[in-house]
Amino acid sequence: MMEKLLGLPINASAHGVQIDRLILWVHVLMLVLFVGWIAFFIYTIARFRRGRNPKADYTGVKTHASSYLEAVIAVLEIVLLVGISIPFWSWKVSAFPTEPDTVRIRVIAQQFAWNIQYPGPDGVFGRTDIKLVNEQTNPIGLDRSDPHGKDDITTVNQLHIPVNRPIIIELTTKDVIHSFFLPVMRVKQDTIPGMIIPVHFVATQTSDQLREQLATTIQFPTTKSLDGKVAMQDYAGKDGSVIAKKGRAISTDTINKLVENGITKISVGPRYSAEIACAQLCGLGHYRMKGFLTIHEQADYDKWLKEQLEELEQ
Amino acid sequence: MDQAAVNYHGVPQTHAETHDHELSFWRKYIFSTDHKIIGIQYGLTSLCFLFFGFCLVMMMRWQLAYPGQALPWPWLTKLLGDARMPGGVMAPEFYNQLGAMHGTIMVFLGVVPLAVGAFGNYLVPLQIGAQDMAFPKLNMTSYWVYFLGGLIMLGSFFVPGGSAQSGWTSYSPLANITVPGNSLETALLSGQTIWLIGMVFLITSSLLGSINTITTIIQLRAKGLTWMRLPFFVWAQLVTGFLLVLAFPPLEAAGVMQLMDRVAGTSFFLPSGLVVSGKELLVSGGGSALLWQHLFWFLAHPEVYVLILPAMGIVAEVIANNTRKPLWGYKSLVYSVVFLGFMSFIVWAHHMFLTGMGTAINAFFQTTTMIISIPSIIILTALILSLWGGSIRFTVPMLFALAFLPMFGIGGLTGLPLGLATADIHLHDTYYVIGHFHYVVAPGTLFALFAGIYFWFPKVTGRQMNDTLGRIHFWGSFIFINGIFMPMFIQGMAGVSRRLYDGGTTYLHAEHVLTLNKVMTHSAYALAVVQFVFIGNFFWSIWRGRKPKDNPWDSTTLEWATPTPPPHGNFPAGPPQVHRGPYEYSVPGYEKDFIPQHLSDDEAKKKDKEKP
Amino acid sequence: MSAAIEIPYNVEERPDTGLYNAKLGIWLFLASEVMLFGALFSTYVLLRTGAEHWEHGAEFLSIPMATVNTAVLIASSVTMVMSWISLKMKNLARFRGFMGATILCGLAFLVIKIFEYKAKFDHGYLPSTSTFMAIYFTMTGLHGLHVIGGMIVNGYLWGPGAKMWVTEPQRFTNRIEVAGLYWHFVDLVWIFLFPTLYLLPGK
Ligand code: HEA
Ligand code: HEA
Ligand code: CUA
Ligand SMILES: [Cu+2]
C-alpha cells in the first residue's frame, strides 16, 4: 500500500516497512507544509496585488504565529528523527542476527560486476589473496588450497538467498567505491576499498511471489519489448499442446503461434524479478553493473546449493 | 570618526572624472580595477559558462531519453569526433565526462561566479556606499585567476582520454585510477589532473574574492550604515564570504593530495591491496578512500549554501521593492542567515550516510541536518509573510522572485527525507537527489539570479530590459523547468540511480518510469528555446533598451542613489550618509511610498512635497 | 586608475573596528591558511590512526638540520619584527638591514631544506615510498612554497616597494606589519611541522 502510494519498488524485506513508513510520514509532513504555504502564498499575492491594494501597509503581519508554526515543524522533525530514524539506524548497524540459521554471504564488487562468495557446507569463508586473482578463473583470488576454501561457492552477478531467514552480507570491493543496492530489500550500502561492511536483512517474499505482482498482460500485436520476460502460465494451443510454457521466454515464433491459435492476450512477468543495482558512479560501465537476486523457498535454496557444489566438484 | 570623515569628504569629486579619460581601453575595460567593470566581466563570463554547462547537459539528456541512438545533430557529432561519439552514439566515457563537467561548470564556473563574483562585486560596494572594493587590484586578480581556471577546465576536454569523468565529486579511488598516467607527462596531461589544477585556480580566486568582500563590508560601510541597516543582500554576501574563506581550503588541501596521488605516485586516498582490471595496483597503500569524501563534503556542503544565500539576498531585495513595504522580520532573517552559515560546517557527512557509519556519528549528522532546515524555514517564512499587506507590483524581477519561493520550497523540503538517514538508504544516489538539488539550484538559484539580472540591468547598463519578452521568458522557464525536474522525484522513488549512461534502461525497476526520460528531455529542449528569448532580450536591450530614470524601481537602497549607470567612484557627490534602515517603503505620514536610505528626515520631508 | 579613488582606511584604522583594511584582509587570509594546514594535519592524524605501521621520522629525517632550520625561522621572525619597529622609529636604513636579514634567513631555510630533500631522494625515499613520506613531502613542500611566497613579498618590500616610504610612510609601515603577520604564521606552521614529522615516535 505504502509503496504504491509513493511509487516505491515492492518491498520484500522485513525491515523495509520501517523505511517506507518513514518515507511516507516525512512526505506527509512535507505535503501538508507545502500545501499550507502555497495556499497562503497564492491567497496573499492575489489579495495584495497592486490593483486591489494600492497602498502598502508599513507593518504587515502583526502576529508572531509563524514562530509557533516553526517550533511545531522542529518538533515533528525531532519526532521522525528520534522516533524512527535513529533507532532504525542503530538496529541496522548493531543488531546483527545471531540465530544459528543465519546465512552469511560475501559480496566483492569490482568494475563492473558483483562477485559473490558462499562459505559452503563448512560455514567458513576461504582465504582470499590478491596474488591469486585471475580475472577469468578466480576473480576474488580465492585460495582453494585453504581447507575452508575448498567448498566455497562463487558466482558472478547471481545472488541466491532463502526466504524468511536472516541474512548477513559482507560487502567489500577490489577497486573503486561501488554501492550495493537491492531495491526490493531496501538495502543500499557503499562498498569501500579497504573496508568490509556488513548488512543484514530478512527476505519476506520469494522471487516467484514478486514476479506474480510484477506480471502484466500483453495484448498482441504489441510494440513492447518482451526481452527478459517469461510467461506467467502455460498457454496451450487448440490441439492441447503447450505453446508458451510457464517461466519460459517468449520468442517471436511463440507469439506467432499464439496468435495463430487465437490467443491474443498473455500474462508475462520478468524472468529476474529482483536485481542488484550499483548506485555509485564507478566508471564507464557503472550503468551496466547489474546483478540478479533470486529468493528461494528453503528447499529450492538447498537444491541450488547442492547443484553448485556438484558443479564445483567437476 | 572625525579623521575618517575628513578623509571621506576630502575626495574631490571632479578628480575621479578627469582621471577617467586618461585610461586606455585596456585599463578601463580589460584590466580594470573598478569593481563595476570587474562585476560585469564576472557576469558575462559566468553567463557564458552557464550556457555552456546547459549545452553539455542537453547532449546528456538526448542520450538519457534515446539511449544508443545517434545524436540528431550530425554537425555536432562531427565536431565531437569519433572517440567521443563512435558511430554518432555517445560513448559511456563521454557521458561521464559531460556529467562531471556539467556539475563542475554549473557550480564553480557558473552560479558561484555569477552570484558572488558578479552580483557581489557590482552591488556590495554600491549598497554600502563605498567607492570601490577594499582591494581593487586584488579584485582584478581574482577575476583573472577565475578566468584562467575556467580556461584550464575547458582545455581538459581536449587532452587524450578527455576531461574529468568521475563526477563533480571526484571520489577516490575512481578519480585516481581513471585515465592514469604511465609517465609524468601523461599523468599531467590527463583530464582529472587538469581538473585538479583548474580547481586550485578557482579556489584561489574565490579565496581572494571573498577576503575582499568581507573586508569591504566590514571596513567600508558608509557613515550611519550600522549592521542592522545593511540590506539583507549584503548580509547574505558577508556570510557567503565567510563560508568560502573557511570551507574552500580543505578542498584545496584535498586537491593537492589527489594531485600528488596522480602525479607523484603517493597513496593518500588509496588503501592497500587494490586490484584494478585484474592487476594489483602497485602503490605504497595505507591511504583512505573516505578521507577524500570528508574533505570534499566539508567544502561542498557549505558550497551549496554559497549557491543559495546570495539568491536569497537577491529575492529579499526584489520582494521588498515590489511589495512596497519593509521586509517582515528583518532581524530574524539576519540571525537565521548567520546561524545557517555556522551550521553548514557541521552537516557535511549527510552526504556520506551509506559509507558505513556507526549510530552515534550518524545520529549527530542527522540531527544537525534537521536543525539546519529550521533557519531556512524561518528565512522563507519571513519572505512569504513580507508579502502580506504589500502593494504587489508583478514586474518581471518580481515574478522570478515569487517563483523562487515555492521552487526553493520543493527543493528544500525534499532535503528532509535525504537528511533522515533511514529514508536516505533508499533515496541516496537516486534521481530523487538530483531532483532535490536541481530544485534548489535551478528554479531556485537560477530564478533568483534572473530576478537580479532583470532588476539591476538598468543600473548596470542604463537601459531597461523589454518587459513582454521578460514575461515570456518567465512563464516559459517556469513551466519547462518543472517539466524537467518534477519527474526526477518519481524516478528516484522508483529507485533509478543517478549517473546512469542509459538512464536506467538496463534495470527492471526503472522500466515503468523510463518514458519520463523523454518528458524531461523535451522539457529541457523547450527550456533552451525559451532561453534564447532571454539572450535576445539581453543583448538587444543593452543597445536598444528604453532609457530609465536614475531610480526606475523607486528603490530605497544606496545603489540607486548614484547616477545610472554609476560613474567611476560611484558617488559623484561624495560618499553618502545613511539615515535609516534599508527598506523604508510606505512609511506612514509620507506621500511618496519610499524613503531612500541616504535622505535625512528633513530632506525626506522636502522631497516628499516635490511634485513628481 | 584606482589612484583616483581614495579607498578609506587603507592607512588609518577604522574607529569602530580598530583595523585598517589590509590587517583585516591578512587575518582573513590567515584564517583560511589555518583551515588549509588544519586539513593537512587532520589527514596526518587520520591516516596515522588507521595505519598498522608508522615510521619514526627521526630514523631517516635529519633532526639536526631541522633544528637549525627551526632556529633560522625563529630568528627571521625576530628580524621581521625588528624591521617593522625600525620603520616605526622612522629609520629606513635599519629597516632594510633587518628585512634583508629576514630574506636571507628564508633563503637559508630553503637551502637547508633542499639539502634535506636531496638526501632523501639519494636514499630512495620518495613521496611514493610510504604514507609517511607522502605526508612529509606534501606538507613540507607546501610550507616551502609559503616560504618562497613570503620571500617574494619581502623582497618586493625591501626593494622597489620601499619607494612608498617616501610618499606614504604610514601605509608602508602597515604593509610591513601585514607581511610580518604572514611571516610569523609561516614560522608557526613549521613549529608544528617539526615535532609532528621529526620527533613523534612511530608505531
Ligand atoms: C543550493 C543548494 C542546496 C540547498 C539549499 C540544499 C538544502 C538542503 N539539502 Fe541538499 N544538496 C545539494 C544542494 C542543496 N541542498 C546538492 C548539490 C546535493 C547533491 C550533491 C551530490 O551528491 O552531487 C545535495 C544533497 C543533499 C543530501 C545528500 C543526499 C544523498 O546523496 O543521499 C542531503 C541529505 O541530508 C541534503 C539535505 C538538504 C537539507 C536538509 C537542506 C535544507 O537546508 C533545506 C531547508 C529548506 C526547507 C525545509 C524549505 C522550507 C521552504 C519553505 C518554508 C518554503 C515554502 C514556500 C512556499 C510553498 C511558497 N542535500
Ligand atoms: C548550480 C548547479 C546546477 C545547475 C544550475 C544545473 C542545471 C541543470 N541541470 Fe544539473 N547538475 C548539477 C548542477 C547543476 N545543474 C550537478 C552538481 C550535477 C551532478 C553531477 C554529477 O553527477 O557529478 C548535475 C547533474 C545533472 C543531471 C544528472 C546526470 C546524471 O546523473 O547522469 C541532469 C539530468 O538531467 C541535469 C540536468 C540539468 C538541467 C536540465 C539543468 C537546467 O536547469 C539548466 C538551465 C540552464 C539555464 C537556464 C542556463 C541559462 C543561461 C543562459 C540563458 C545564458 C545566457 C547568456 C548570456 C546572456 C551571455 N543535471
Ligand atoms: Cu559499480 Cu557503479
Ligand atoms: Cu549537504
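Normalising the average separation of contacting C-alpha pairs (under 8 angstrom, six or more residues apart) by the number of residues puts the relative contact order of the stretch B:492-562 at 16 percent. So if we plug the beta-carbon distance of residue A:259 and residue A:64 into 1/(1 + (r/R0)^6) with R0 = 60 Å, what FRET efficiency do we get, rounded to 0.05? Using R0 = 60 Å, I get an efficiency of 0.25.
For the options C:93, C:66, C:162, a Gaussian network treatment of chain C with springs between C-alpha atoms closer than 10 Å singles out C:93 as fluctuating the most. Only helices reaching 20 angstrom along their own axis (Cα) with mean Kyte-Doolittle hydropathy no lower than -0.5 count here, and for the DSSP H runs of chain A these are A:16-47, A:65-80. Other residues with beta-carbon under 9 Å from the beta-carbon of residue A:218 carry, at +1 per Lys or Arg and -1 per Asp or Glu, a net charge of +3. With the convex hull of the Cα atoms taken as the outline of chain B, the averaged projected area works out to 29.3 nm². For the stretch B:162-167, backbone phi angles converted through the Karplus equation (6.51, -1.76, 1.60; θ = phi - 60°) give residue-by-residue couplings of x, 6, 4, 9, 10, x Hz, Gly and Pro being listed as x. Each of B:513, A:187 was scored by other Cβ atoms within 10 Å of its Cβ. Arranged with the fewest first, they read B:513, A:187. I'd like the mean, over residues of C:125-134, of how many other protein chain beta carbons sit within 10 Å of each residue's own Cβ. Counting other chains' Cβ atoms within 10 Å and averaging over C:125-134 gives 6.
Evaluated with a Cβ-only charge set (Lys, Arg +1; Asp, Glu -1), chain C carries a dipole of roughly 460 debye about its Cα centre, given to the nearest 20. Where the centre of each part is set by its Cα atoms, how far does the stretch A:227-302 sit from the stretch B:536-612, in angstrom? The stretch A:227-302 and the stretch B:536-612 have Cα centres separated by 71 Å. Relative to one another, the C-alpha centroids of the stretch B:73-150 and the stretch A:43-120 are positioned 33 Å apart.
Note on residue A:49 and residue A:99: with the Förster distance fixed at 60 Å, the Cβ-Cβ geometry gives a FRET efficiency of about 0.35. Taking the centroid of alpha carbons for each part, the stretch B:286-334 and the stretch C:46-76 are 41 Å apart.
Listed values for the stretch A:130-136 are Karplus-derived 3J(HN,Hα) couplings in whole Hz (6.51 cos²θ - 1.76 cosθ + 1.60, θ = phi - 60°), namely 5, 5, 8, 5, 9, 3, 7, and x replaces Gly and Pro.
Take the Cα of residue A:40, step 7 Å toward its Cβ, do the same at residue B:159, and the gap between the two points is 5.2 nm. Charged neighbours of residue A:199, selected by a Cβ distance under 14 Å, balance to +3 (K, R count +1; D, E count -1).
For chain B, relative contact order (Cα pairs under 8 Å, six or more residues apart, normalised by length) works out to 15 percent. Positive end of the dipole of chain A (Cβ unit charges, origin at the Cα centre): among A:39, A:301, A:119, the Cα lying farthest that way belongs to A:39.
Of the complete DSSP H runs in chain B, those spanning 30 angstrom or more by Cα along the long axis with a mean Kyte-Doolittle score not below 1.0 are B:35-65, B:191-219, B:232-263, B:289-323, B:359-386. Spacing of the modelled spin labels on residue A:156 and residue B:148, each 7 Å from Cα toward Cβ, amounts to 4.8 nm.
Take each residue of peptide B:497-508, count the partner chain Cβ atoms within 10 Å of its Cβ, and average: the result is 6.
In a fully extended conformation the segment linking residue B:471 and residue B:346 would gain 40.9 nm over its present Cα-Cα distance, using 0.36 nm per residue. For the stretch B:219-295, a simple Cβ point-charge model (Lys and Arg +1, Asp and Glu -1, everything else neutral) yields a dipole of about 500 debye relative to the Cα centre.
Summing Cβ point charges (Lys, Arg +1; Asp, Glu -1) relative to the Cα centre of the protein assembly as shown gives a dipole of roughly 3080 debye. Of all the options C:46, C:145, C:126, the one that moves most in a Gaussian network model of chain C with Cα springs shorter than 10 angstrom is C:46.
Computed from backbone phi, the HN-Hα couplings of the stretch A:107-115 come to 10, 10, 7, 8, 5, 10, 8, 9, 8 Hz, rounded to whole numbers (Karplus: 6.51 cos²θ - 1.76 cosθ + 1.60, θ = phi - 60°; Gly and Pro given as x). Extension gain for the segment residue A:311 to residue A:242, taken as residue separation times 0.36 nm less the Cα-Cα distance, is 21.7 nm to one decimal.
Neighbours of residue A:131, meaning other residues whose beta-carbon lies under 15 angstrom from its beta-carbon, give a summed charge of -1 when Lys and Arg score +1 and Asp and Glu score -1.
Note on chain C: lysine pairs with Cα distance below 24 Å, sequence gap of 8 or more or different chains, count 6.
Can you give me the distance in nm between label points at residue C:46 and residue A:234, each placed 7 Å from the Cα along the Cα-to-Cβ direction? Each label point is offset 7 Å from its Cα along the Cβ direction, giving 6.2 nm. When shorter helices are ignored and each DSSP H run of at least 4 residues is given -39500 (n - 2.57), the per-residue value for the protein assembly as shown at 222 nm works out to -18000 deg cm²/dmol.
We did not get these values from a lab; they are worked out from the coordinates using the rules stated. Because the structure is predicted, anything quoted here is derived from the model rather than measured. Cβ: placed from backbone, ideal geometry, glycine included. Neighbour counts: every protein chain shown.
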